[in-house]
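Below is one structure, written out as structure tokens; comments come after it.
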Amino acid sequence: MSHITHNKAKLLGRVRRIRGQVEALERALDTDKGCTEVLHQIAAVRGATNGLMAEVMEDHMQMHVANPDITSDAERNQGANELMDVIRTYLK
């Protein structure tokens, strides 16, 4: 998981921004904002989460599937299978 550690600060920054968006959504609900504003907040959280997921998935694919240093088909298949499991869960 060194690639996650390598991008740790960037990923944590994204997570912190998502936390801020979720807190803004909570405030909007708590203060009885209109449904349009709440929907926009939900869309922003969803977009930010999707962006984070795409970035981590791309890193996984590059490091555990497409990496030319991987010489073992079994290791490459394991990386691909792990990614497919996550995609299936994500799309439910």
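For the chain, the mean residue ellipticity at 222 nm estimated from helices alone is -28500 deg cm²/dmol, where every DSSP H run of n ≥ 4 contributes -39500 (n - 2.57) and the total is divided by all residues, rounded to the nearest 500. Phi angles across region 70-82 convert, under the Karplus curve 6.51 cos²θ - 1.76 cosθ + 1.60 with θ = phi - 60°, into 3J(HN,Hα) values of 7, 9, 8, 4, 5, 5, 5, 5, 4, x, 5, 5, 4 Hz, Gly and Pro given as x. Take the Cα of Lys10, step 7 Å toward its Cβ, do the same at Gln78, and the gap between the two points is 2.6 nm. Approximating the spin labels as points 7 Å out from Cα along Cα→Cβ, the Ile42-to-Val22 distance works out to 1.7 nm. Evaluating 6.51 cos²θ - 1.76 cosθ + 1.60 at θ = phi - 60° for every residue in region 9-23, the Karplus couplings come out as 4, 5, 5, 5, x, 5, 5, 5, 5, 4, 4, x, 5, 5, 5 Hz, glycine and proline recorded as x. Using a/c under 1.5 as the rounded threshold, could you call region 43-92 rounded, prolate or oblate? The axes a ≥ b ≥ c are square roots of the C-alpha gyration tensor eigenvalues, and prolate needs a/b larger than b/c, oblate otherwise. It is oblate, given that a/c is not under 1.5 and a/b is not larger than b/c.
FYI, it's all coordinate maths here, none of it is from the lab. Since this is a predicted model, take the numbers as computed values, not measurements. Every residue, glycine among them, receives a Cβ derived from its backbone with ideal geometry; neighbour counts consider all protein chains shown.
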